[in-house]
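Below: the structure, in structure tokens.
Every read-out reported here was derived from the displayed coordinates using simple, explicitly stated rules and does not represent laboratory data. Bear in mind that the values here come from a model prediction, so they are computed numbers and not experimental data. All Cβ positions, even for glycine, are placed from backbone atoms using ideal geometry, and neighbour counts span all protein chains on display.
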């Protein structure tokens, strides 16, 4: 699948769902909390600021192709929500595009390798 032929917003759309499911599953496996508290913790990771932080953590480990997908996603024109800054939102969109591309191209091992480095649910939140 040639990533250049897929609209980066479509990749981000899928990547958002992939990341949301990963975060929720990881939190359920690592924490015994009521659903409302799990939701609050999940939101910390899946909001734009959390995705931006995740991308910053992984940036140095990306291949050239992966970095290009992030750039394409980051540079895509989209409406920025009021609750986040434009730069963080654009980087989060790049992160989502990367996850969507890895998922859609069947690179599950690489996807899991990157996500495992994020230590979801393993660090103290403030």
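Quick one: if the Förster radius is 22 Å, what FRET efficiency do residue 32 and residue 62 give, using the C-beta to C-beta distance and rounding to 0.05?
The formula returns an efficiency of 0.05 here.
Hey, fewest Cβ within 10 Å first, where do 91, 74, 4 land in order?
Details: 91 23, 74 20, 4 8.
In order of increasing Cβ crowding within 10 Å: 4, 74, 91.
Please work out how much length the chain gains when fully extended from residue 116 to residue 75, using 0.36 nm per residue of separation minus the C-alpha to C-alpha distance, in nm with one decimal.
Full-extension gain reported as 12.1 nm.
With each run of n ≥ 4 DSSP H residues scored as -39500 (n - 2.57), what mean residue ellipticity at 222 nm is computed for the chain after dividing by its residue count and rounding to the nearest 500 deg cm²/dmol? Could the numbers behind the result be given before it?
Working: 6 runs with 85 residues, N = 126.
So the helix-based figure for the chain works out to -22000 deg cm²/dmol.
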